[in-house]
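The structure appears below as structure tokens.
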Amino acid sequence: MPTPQPWFPDTHPCWLPAARGRHLAAARVEVDGGGPAGATVLDEVASLRAELGLGEPAADAPRWLFTTAGAPDGLRPGGFAVHHDGADRVVRAPDGAGLLHGFYRALVVPDVLDGTVEDPAVDLRMLDSWDNMTADGVMGSVERGYAGDSVLFRDGRVVEDLTRVRGFLRLMASVGLNAWALNNVNVHDAERGLVDEHLPDVARVADLARSFGVRVWLSVDFSSPISLGGLDVADPLDERVAAFWRETADRLYRAVPDLGGFLVKADSEGRPGPHAYGRDHADGANVLARALAPHSGTVLWRCFVYDHRQDWRDRSTDRARAAHDHFVPLDGRFDDNVVLQVKNGPMDFQVREPVSPLLGALRETTTAVEFQVTQEYTGQQQHVCYLAPQWSEVLRFDFGEGTSEPRTVADCARGGVVAVSNVGDSWCWTGHPLAQANLFAFGRLAWDPRLDPDALLGEWSRATFGDDEELLAGVHDVVAGSWRTYEDLTAPLGVGWMVSPHHHYGPDVEGYEYTAWGTYHFADRDGVGVDRTVATGTGYAGQYPPAHAARYEDLATCPEELLLFFHHVGYGHRLSTGETLVQRIYDTHFAGVEDVRRRAARWEEVADRVDERTAQEVRTRLAEQVRSAQEWCDRITTYFHRASGAPDAHGRRIF
């Protein structure tokens, strides 16, 4: 089959192929209101017509009217409603972003129904790009990125040609995302200049983003008063420091009037922060918040704060406890325009870990939940790992279980839903063509956490690959369930972290076991797992509300997928299936290899139904996933066989 023609040269169209929008290109499209984002609707229609070779529609062609007049009461910014008037369609929204979201929804789902009302669950739906302005560091131009170089930065500055940036913004807007942090949370020397010498370029990007209903944010370095302001301190209670941040905010908003605000990582993994001055995180966040407040800006303050110089001999220190221990005592002390950004789990985006208890514990402070679309610990976009089922489980987790007050994570995270981006300048945007499903599904779940991940997979694959039912069935078989398969191969019952240090790709069972990072599994001759109970362990289980705390505390009731996260368990312990713990480890790893082989074989059955480049890109990555799966299986089963001395009940080869 021919290679699909993208709307942007030399790039894959993802879920927005022009052919999908023929019904829009053939219609009379009118836009009433909506400012720059409303105007983008007309630009997109013109691009569709050009790519499809269509001229202006006939005078009697069906009409699509996109209007900000008469929008239903109560719609959030960005929401929209669709009404059919005979052959005509009317999309009403309170703003231009809503008109654009309605346009893209009609493109992705051409048979959008009369009476459809789509209203986002939260106002902030955000991607954090971990992009660096220079690529001379260990991490390159995108930290933890697996899809090529940054689309935004090159050679120490913002790219002159914003064509690829525009394509990225289209992808964001098409799934309802409305905020973008431009640079890495680990702010290096070059990126500090985004608030001064490179500010004109930030303004250029913000102008373009505005036309897609997206506000830009900047990650800032807490020590900027020293590095940029010439001060000798960055103490948040020093008036000179406060004045520096006020002057910086004033300058930024003169250039970018709708700047979202600041994203901050402080006192974390060596980043500077308020602790250096004997201050706490409320002090640190509030000095920035007060500088932004006159401009209606917001501080997103990351709660990824822990001791990364831990003594592995000390079992009383528990990295999982850290965020809760740091921030719960400060609840209610943060200014109203501070949002605490909390990772979905207490550790670091592992393939399986419990929901962070901090998300349910903060009652007086606005919170946002943070996910990771880029596959740092889940195959790095060399592997198929569809993460939407994990995110859905987190968003639906109910802190109010056992009470009369249901409080899901989606309910608690009223400050927004955020994720680390997986996009780079690769041909298909995400390195692995099938990793596009994660970006698509994240945006849709941020918009509506109630959506079904499997249905989202079907929606993405149909928009991307067309209506070939045999191909769609094959894509579903390759992608669906891949998160659980990856879990089977890498993280026995929630223990996690058995990865190669630093680059985090591939197995290394004891790679982190004796390090300062606090990521231990404590495997010995008797068993494996971390005792996080209140009775005999670190007490982490007690950070949850009573019903969850009791479940996690008791070995008999702890969910088996988290058993080794909360308990140190003997190899002979019988699980609910009757098999021993060590036998479960053997079985899941051998089964995981077979499942990956099955997925690779399934792709071969349908690969001739896609263009050759996509077919080969997926084929190559699945071959690597098969190799890696076997390596995971061999190392994990051998390690636990040697530790336990227990034979495999099925007599399979263990080294």
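A compact table of results
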{"item": "For the chain, size of Cβ-based charge dipole, Lys and Arg +1, Asp and Glu -1, in debye", "result": "220 debye"}
{"item": "Estimated FRET transfer efficiency (Ala535, Glu513; beta-carbon r; R0 35 Å; 0.05)", "result": "0.90"}
{"item": "DSSP-defined antiparallel bridges as percent of all bridges, the chain, nearest 5", "result": "30 percent"}
{"item": "Value of Rg to Rh for the range 474-622 (Rh from inverse mean 1/r over Cα pairs, i.e. Kirkwood)", "result": "1.07"}
{"item": "Efficiency of FRET from Cβ geometry, Asp477 and Glu364, R₀ 45 Å, rounded to 0.05", "result": "0.45"}
{"item": "The range 249-291, accessible surface, carbon-and-sulfur percent (1.4 angstrom probe)", "result": "42 percent"}
{"item": "Within the accessible area of the range 526-568 (1.4 Å probe), percent carbon and sulfur", "result": "57 percent"}
{"item": "Share of Cα-Cα pairs in the range 379-454 lying beyond 19 Å, as whole percent", "result": "43 percent"}
{"item": "Descending semi-axes in whole angstrom, ellipsoid equivalent of the chain, from the Cα gyration tensor", "result": "39, 33, 23"}
{"item": "Long-range HN-HN contacts of Met139 with modeled amide H, under 5 Å", "result": "none"}
{"item": "Once exposed loop trypsin sites (Lys or Arg not before Pro) are cut out (DSSP; at most 13 other Cβ, 10 Å), longest piece of the chain", "result": "1-308"}
{"item": "Label point 7 Å beyond Cα of Asp123 along Cβ direction - residues of the range 243-264 with amide nitrogen under 13 Å", "result": "260-261"}
{"item": "Projected label distance in nm at Tyr277 and Asp325, using a 7 Å step from Cα toward the beta-carbon", "result": "2.5 nm"}
{"item": "Phi to ³J(HN,Hα) by Karplus 6.51 cos²θ - 1.76 cosθ + 1.60 over the range 527-540, Hz, x for Gly, Pro", "result": "x, 8, x, 10, 7, 10, 6, 6, 5, 9, x, 7, x, 4"}
{"item": "Fraction of accessible area attributable to carbon and sulfur, the range 55-181 (%, probe 1.4 Å)", "result": "49 percent"}
{"item": "Net lengthening on full extension, Asp10/Ile226 (0.36 nm per residue, minus Cα-Cα)", "result": "73.4 nm"}
{"item": "Under 15 Å from the His502 label point (7 Å along Cα→beta-carbon), backbone N, the range 131-156", "result": "137-140, 144"}
{"item": "Accessible area per residue in Å² at 1.4 Å probe, computed on the chain", "result": "36 Å²"}
{"item": "Full-extension gain in nm, Glu604 to Leu113, via 0.36 nm per residue minus C-alpha separation", "result": "173.2 nm"}
{"item": "Fraction in percent of alpha-carbon pairs per bin - 5 Å, the range 159-256", "result": "2, 12, 21, 21, 18, 11, 7, 5, 2, 0"}
{"item": "MRE, 222 nm, helices only [DSSP H, n ≥ 4, -39500 (n - 2.57), over the chain, to nearest 500]", "result": "-11000 deg cm²/dmol"}
{"item": "Spin-label model distance (nm) - Arg333 vs Phe522, 7 Å beyond Cα toward Cβ", "result": "3.0 nm"}
{"item": "Set of the range 108-125 residues, backbone N closer than 12 Å to the point 7 Å along the Cα-Cβ line of Asp467", "result": "110-111"}
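The values are calculated or read from the model by the stated rules, or taken from the named source; none is laboratory data. On a predicted model such as this, the values are computed, not experimentally measured, just so you know. Virtual Cβ from ideal backbone geometry, glycine too; neighbours counted across all protein chains shown. For the accessible areas, the whole protein counts, side chains as well, though only heavy atoms, and no ligand, DNA or RNA atoms are used. Shrake-Rupley method; radii C 1.70, N 1.55, O 1.52, S 1.80 Å.
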